[in-house]
Amino acid sequence: MPQHDSRSIVILTGAGISKESGLDTFRDADGIWAKVRLENVATPEAFARDPATVHAFYNARRRGLASGEVAPNAAHAALARLEAEWPGELLLVTQNIDDLHERAGSRSLLHMHGELLKGRCESCGTVSSWHEDMSLESACPGCYLPGGMRVHVVWFGEMPFGMERIYAALARCSLFLSIGTSGNVYPAAGFVQEARGNGRAHTVELNLEPSEGHSLFEERIYGPATDVVPAYVERLLGRGG
Ligand code: BV8
């Protein structure tokens, strides 16, 4: 592995890192978008048109996540270890709306596409922890009004969270890791270009198979996340900060 200034790391994760925890990805053959059209469940227009269908889609995923059957895997644990032992800055940006990075111990974490276990009130803007089913009858814990609750998730066409903080971290990082993402969804899929543009970042893709943007990465490591991520973190920490 080429030597590089290793003071700051930005990591991007996608659904592939949670696959071995039992959560579906989106674009694999058995993925979420093979079972339901994103236009019907993951856009503001779909929610305006048919809120019950959108609530049902997220209620099913929330139940799965909160069922106790799903736990962080060795890849999530390796990234939490890297954060704890790395001598410099580290920011973990996840496209995932599950809470597996938190449960593995990651703290410097940004959910750019929101969080399945949170709700947001369209009447007063309150964001609250939300573990049970949500419906049009659900009342907001802030303003107590029903009818305005939505899952605190970024739909297609909506602005992802934390973009300024992400771009600032990409502008100064010396290492950019992309893990478990197909590189189909923007602006996340463009982060490797942002990192390369800072003139010094080493870019690594760790995935089951080549992503859409594989040719943009200087280093590419393929295999299941629970194999390749702990091994890569071991090498990174073993080499010293
Ligand atoms: C926006 C939350 C304006 C909901 C999601 C160009 C520029 C800007 C925007 C666009 C653009 N072109 C098109 C757009 C619009 C759109 C877009 O990208 N569309 C795509 C379909 C072309 N983007 C947007 O609308 C975004 N907003 O653009 O606002 C803007 C513009 C510029 C700058 C700022 C703002 C909003 C996008 C967010 C939408 N919400 N999810 C929910 O989860 O229900 S996106 C959805 O896709 C998930 O968040 C998911 O995380 C994300 C990406 O998917 P992946 O995580 O990569 O999952 P996928 O299944 O695709 O791949 C899994 C990978 O894992 C595979 O490669 C597989 O091989 C691998 N894998 C499988 N098993 C394993 C494994 N790897 C390792 N180990 C394993 N065991």
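The values are calculated or read from the model by the stated rules, or taken from the named source; none is laboratory data. Since this is a predicted model, take the numbers as computed values, not measurements. Quick reminder, even Gly has a Cβ in these numbers, built from the backbone with ideal geometry, and neighbours come from all protein chains shown. Side chains are part of the model used for accessible areas, which takes the heavy atoms of the whole protein and leaves out ligands, DNA and RNA. Shrake-Rupley method; radii C 1.70, N 1.55, O 1.52, S 1.80 Å.
Tallying residues that are closer than 23 Å to PRO87 by Cβ and polar (S, T, N, Q) within the stretch 157-192 yields 2.
Taken over the stretch 118-130, the criterion of being under 19 Å from ALA42 (Cα atoms) and surrounded by fewer than 17 Cβ atoms within 10 Å (Cβ to Cβ) is satisfied by GLU122, VAL127.
Contact annotation: residue pairs with Cβ atoms under 7 Å, 6 or more positions apart or on different chains, pairing a residue in the stretch 10-30 that is more than 24 Å from ARG107 (Cβ to Cβ) with a partner that is within 6 Å of the ligand (Cβ to nearest atom) and in a loop (DSSP other than H, G, I, E, B), are ASP24/GLY31; THR25/ALA15; THR25/GLY31; PHE26/ALA15; ARG27/SER182; ARG27/ASN184. Is it the case that ARG62 is farther than 18 Å from VAL185 by Cα and more than 10 Å from the ligand (Cβ to nearest atom)? Against the criterion (farther than 18 Å from VAL185 by Cα and more than 10 Å from the ligand (Cβ to nearest atom)), ARG62 qualifies.
Taking residues in the stretch 225-237 that are among the hydrophobic types (A, V, I, L, M, F, W, C), and partners anywhere that are open to solvent by 30 Å² or more (accessible area, probe 1.4 Å), the pairs with Cβ atoms closer than 6 Å and at least 6 places apart or on different chains are VAL228/ILE221; LEU237/GLU85. Put simply, of ARG200, ARG120 the only residue that is modelled with pLDDT under 95 and on the phi < 0 side of the Ramachandran plot is ARG200.
Filtering TYR222, TYR167 for residues that are surrounded by fewer than 17 Cβ atoms within 10 Å (Cβ to Cβ), over 30 Å from THR43 (Cβ atoms) and either within 10 Å of the ligand (Cβ to nearest atom) or under 15 Å from the mean Cα position of the chain (by Cα) (or both) leaves a single hit, TYR222. Go through the stretch 193-208 and count every residue that is more than 13 Å from the ligand (Cβ to nearest atom) and either outside any strand (DSSP E or B) or farther than 22 Å from VAL228 by Cα (or both). Total meeting the criteria: 7.
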